[in-house]
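J.: The structure's right below; bear with me while I get my questions together.
Please treat every number below as a calculation from the coordinates, not as lab data. Because the structure is a prediction, the values reported are computed rather than measured. Note that we place each Cβ from the backbone using ideal geometry, even for glycine, and neighbour counts take in every protein chain shown.
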């Protein structure tokens, strides 16, 4: 088994390992990123928070504050009524690097 943790940032949960890059929904203040550790696994040692682990810590570094995702085209069409609607959408993300997972 690897060393990994489950963290919560911005209301969503992510399974992370050291040295991994993750994309999360854009943070309002990316400078103050403080993930909450919900689960910590190091080989056979497993710690589960109730709901959060206070001893475990995940250190993150912001690589890109605002990054645009892939464009999604939404096209609505109704036959025989000349009704057409086209909307484009690009989600904004923040890219993080997981530097260290410690207990």
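J.: Between residue 59 and residue 46, what is the label-point separation in nm under the 7 Å Cα-to-beta-carbon projection?
T.: With each label point 7 Å from Cα toward Cβ, the separation is 2.8 nm.
J.: How high is the relative contact order of the stretch 3-102, given as a whole-number percent (alpha carbon pairs under 8 Å, six or more residues apart)?
T.: Relative CO of the stretch 3-102 lands at 34 percent.
J.: What would the Debye equation give as log₁₀ I(q)/I(0) for the chain at q = 0.13, 0.15, 0.16 Å⁻¹, counting only Cα atoms as equal point scatterers?
T.: -0.56, -0.66, -0.72
J.: Obtain the nm distance between the two label points defined at residue 75 and residue 12 by a simple spin-label model: each point lies 7 Å from its Cα along the Cα-to-C-beta direction.
T.: 2.7 nm
J.: Quick check: pseudo-label points 7 Å beyond the Cα along Cα→Cβ at residue 26 and residue 66, how many nm apart are they?
T.: Result for the modelled spin labels: 0.5 nm.
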